[in-house]
Amino acid sequence: MSGSGLQWLLVGCLVSLFTPPPALRLMNLVGELTAMTTKKCINCGEEKPLDKFPYLQKLRADGSRGRMAECKACKCERVKAYYRAKKAKLAELEIKRAEEAVKTALSMREAAQQANQAFPILSPAYWDVKAAMRAHEELGIAW
Ligand SMILES: [Zn+2]
């Protein structure tokens, strides 16, 4: 009799090893009952299945991976809108830059005048072209 009692005690110990404690079982039950299968998007407000929500990049403290509050369609639209706005802004900046370049650009005449002011020796006034032509003629070099 005492032998079979010991056996039952052993079986009881083994069973308790493989069954979770009551508190954990209750938590699992609550988890199963409240497990979300759908979620409401914070942007469009539609109730959608969980797989329509992108995963979060960071893991939670317990190692599980959460999902974004925004559905995939809304995220996609938001990202597209961001890049459209960025592209438009860049195009606008490029136009402004081109307009500035035209405003500050010098004509060839103005550039030559400024160069001559900066370096007077470059001015044609310092160069006797006719004398140079005569010198070429005297030496028999083509002008
Ligand atoms: Zn949405």
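Some notes on this structure:
- Reference-scaled alpha-carbon Rg (2.2 N^0.38 Å with N residues) for region 58-98: 1.92
- Look at where the Cα atoms of region 89-143 and of region 45-61 average out, and the two centres are 65 Å apart.
- Within a straight-line Cα-Cα reach of under 25 Å, LYS72 can be paired with the following lysines, leaving aside sequence neighbours fewer than 8 residues apart in one chain: LYS39, LYS40, LYS48, LYS52, LYS58, LYS80, LYS86, LYS87.
- For ARG67, the residues whose modelled amide H falls within less than 5 Å of its own, excluding neighbours fewer than 5 places apart on the same chain, are LEU56.
Values quoted throughout were computed directly from the atomic coordinates according to the rules given, and no laboratory measurement underlies them. Just so it is clear, the structure is predicted and the values come from calculations on it, not from any experiment.
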